[in-house]
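Below is one structure; the comments refer to it alone.
The values are calculated or read from the model by the stated rules, or taken from the named source; none is laboratory data. If you're wondering where the values come from, they're calculated on a predicted model, not measured in any experiment. Because the Cβ atoms are built from the backbone with ideal geometry, glycine has one as well, and the counts that use them run over all protein chains shown. Only protein heavy atoms, including side chains, enter the accessible area calculation; ligands, DNA and RNA are left aside. Shrake-Rupley method; radii C 1.70, N 1.55, O 1.52, S 1.80 Å.
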Amino acid sequence: MFLQENNLFLLLTLATAFTFVWLLLIRDRMRIPWLAALGLSLLHVAVGLLCVKVFAFLEGADSGARSLFGAVFFMPMAYALGAKLSGRKAADVFDIFAVCMIFTLFCARISCLITGCCQGRMIPGLEPHRWPTREAELIFYVVFLAAVIPRVWKGKSNGQVYPLYMMIYGLTRFLLEFFRDNGTRQVFHLAHLWALLSFILGFVIVSEIKRHHGFPHARKREMR
């Protein structure tokens, strides 16, 4: 079937199109011409794909495997480098491209539905029905994007989108991993560690951002 055999290419094309449209819509804030937006869209998806493949390789998986945690942990390095090279505010780069990355991961999880991978464990007493772990993760992406896109659009996110995503996604994945079929009977496995690390990093960074932004206000109150 064409869709099943080419689903990843089609979904990554959709992710590229979304990224391109999003960058065009917000181009005045980022000062990006349309041709550069197209190039960045292609580069963003390509780097993201490389990240998930490299991370899966480091986990010891086979050459065709992908781990979404690769994007979670590696893409910030690409954003930090991009912000430095372009002279743009890092908070804006992270917030704007976080939206693109999350949508791309949404597409990647849809690919899991189509190919039948990353499924949940059998529900005891309701075999062959499985826990809807992939569906739950897709719902998380939709709800999170719906919540943060308006704030990014209005410039009110203050660089918190990516670490907030890491924190909430880490907690969500940590819980979902208990219901996910990882091919073994182990209750805890490697993904739990990555999810916990994601939560901790996100929590620490969000706390630092809030402390940094809150300090000037506290100082003003002390001077009155």
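So here's what we get for this one:
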quantity: Leading residue by the ranking (nearest to F140 (Cα to Cα)) among those in the stretch 101-120 that are open to solvent by 40 Å² or more (accessible area, probe 1.4 Å) and of a type in the set (S, T, N, Q); calculated: Q119
quantity: Any hit, the stretch 119-133, residues being among the hydrophobic types (A, V, I, L, M, F, W, C) and in a helix (DSSP H, G or I); calculated: no
quantity: Selection status of R151, touching an Asp or Glu at 6+ places or on another chain (Cβ under 9 Å) and open to solvent by 90 Å² or more (accessible area, probe 1.4 Å); calculated: yes
quantity: Selection from the stretch 115-170 of residues that are among the hydroxyl-bearing types (S, T, Y), farther than 21 Å from S207 by Cα and at pLDDT below 95; calculated: T115
quantity: The stretch 43-67, residues that are open to solvent by 40 Å² or more (accessible area, probe 1.4 Å) and closer than 18 Å to A78 by Cβ; calculated: L43, A46, V47, L49, L50, K53, V54, F57, L58, R66
quantity: Which numbered condition L85 fails, given (1) surrounded by fewer than 20 Cβ atoms within 10 Å (Cβ to Cβ); (2) assigned to a helix (DSSP H, G or I); (3) under 18 Å from the mean Cα position of the chain (by Cα); calculated: (3)
